[in-house]
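Here is the structure we will look at.
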Amino acid sequence: SGTTTTAKPLLGKHVLVTAGPTHEPIDPVRYIANRSSGKQGFAIAAAAAAAGARVTLVAGPVGLADPEGVSVRRVETARDMLAAVEIALPADIAIFAAAVADWRPAHEAGSKLKKDGSGIVPPLHVTENPDILSTIAHRRDGRPGLVVGFAAETDDVLENARKKLGRKGADIIVANDVSPANNVMGGAANTVHLVTPEGIESWPQLPKDEVARRLVHWIAGRLPPTA
Ligand code: CTP
Ligand code: CA
């Protein structure tokens, strides 16, 4: 509206965001998943668009509507998510908010697994999924100018987040304590700690869309200068 002046610090920038869980199929009717709602990632995509960016959101299976002004690619599995992220590059900023399944069934059964009446349960062998954040952050060519990861922790939040910053090659890790008492997974609020090589900044508990707005502006302020 004419009464509101909106800062557009991301005008001309392409921002890539991942959000939500992934589903890893066991057979045609079953999958491995997690409690991610996608709310934080969708809010970040919306906030980046509001800040003037062109935004691509690669979203796992969630029941959230496309944020206004955002190009949304819907995917199921971690491998699909990585492929969609690679297709969406180049990006000035990549924010990996998805709760990617760490493991997937090693073999997807082509037909529904059945109880055979013997009481013997089928073994579920799992294998590790590709790490999307680490793969993109370690690219030699076409690495986004700023790579932001999340860390979902229940214990030793800051110490684990600092380790992830180094191991994954991210510029920033947004650490959140996802202990059940905090009701972050699926809830409407989040308490985050911004971990960079320079130090840690902790924010109070805020609604997820407020975390998103502040985060987008904080990140915009750390963009490397353009040539
Ligand atoms: N991530 C990813 N691909 C994966 C696993 C994680 O892109 N296969 C990203 C997440 O989107 C997040 C960051 O890596 O930005 C950290 O995710 P997290 O689950 O906290 O860390 P992991 O490295 O998977 O370690 P763990 O779950 O064992 O703590
Ligand atoms: Ca994980």
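The values are calculated or read from the model by the stated rules, or taken from the named source; none is laboratory data. Small disclaimer: the values here were computed from a predicted structure and weren't measured. For neighbour counting, all protein chains shown are included, and Cβ atoms are generated from backbone atoms with ideal geometry for every residue, glycine included. Ligands, DNA and RNA are stripped out before the accessible areas are found, and what is left, the full protein with its side chains, is counted by its heavy atoms. Shrake-Rupley method; radii C 1.70, N 1.55, O 1.52, S 1.80 Å.
Summary table
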item: Over the chain: helical MRE at 222 nm, DSSP H runs n ≥ 4 each giving -39500 (n - 2.57), nearest 500; result: -7000 deg cm²/dmol
item: Pairwise label distance in nanometres, Arg167 with His217, each label 7 Å out on the Cα-Cβ vector; result: 3.4
item: Given charges at beta-carbon only (K, R positive; D, E negative), |dipole| of the chain in Debye; result: 340
item: Candidates Leu113, Leu133, Leu82: whichever shows maximal mean-square fluctuation once the chain is modelled as a Gaussian network with Cα springs under 10 Å; result: Leu113
item: Accessible surface of His107 - all protein chains present, 1.4 Å probe, nearest 10 Å²; result: 150
item: Debye, to nearest 20: dipole size of segment 40-163, +1 on Lys, Arg Cβ, -1 on Asp, Glu Cβ; result: 300
item: For the chain, built as a Gaussian network whose Cα springs stay under 10 Å, the top-fluctuating residue of Lys112, Lys163, Lys39; result: Lys112
item: Anchor Lys208: aspartates and glutamates whose Cα lies under 14 Å away (excluding residues fewer than 8 positions away in-chain); result: Asp177
item: Lys/Arg +1, Asp/Glu -1 at C-beta; the chain dipole; positive extreme among Val100, Pro67, Leu146; result: Pro67
item: Contact order normalised by residue count of segment 1-86, Cα under 8 Å, 6+ apart, percent; result: 33
item: For the chain, with +1 on Lys and Arg beta carbons and -1 on Asp and Glu, the positive-most of Gly20, Pro90, His217 along the dipole; result: Pro90
item: Exposure ranking of Glu86, Glu210, Glu198, Glu24 by accessible area [1.4 Å probe, largest first]; result: Glu198, Glu86, Glu210, Glu24
item: Pair Thr154, Asp27: separation of 7 Å Cα→Cβ label points (nm); result: 2.8
item: Among beta bridges that DSSP assigns inside the chain, antiparallel share in %, nearest 5; result: 40
item: Area of Asp92 that stays accessible when all protein chains are in place (1.4 Å probe, Å², to 10); result: 50
item: Accessible solvent surface per residue of the chain, calculated while the other protein chains remain in place, 1.4 angstrom probe, Å²; result: 52
item: Residue-level accessible surface for Arg79, protein heavy atoms, 1.4 Å, Å²; result: 130
item: About the Cα centre, charge dipole magnitude for segment 8-75 (Lys/Arg +1, Asp/Glu -1 at Cβ), debye; result: 200
item: For the chain, convex hull volume per residue from C-alpha positions, Å³; result: 149
item: Label-point separation, Ala7 to Thr127 (7 Å along Cα→Cβ), nm; result: 4.7
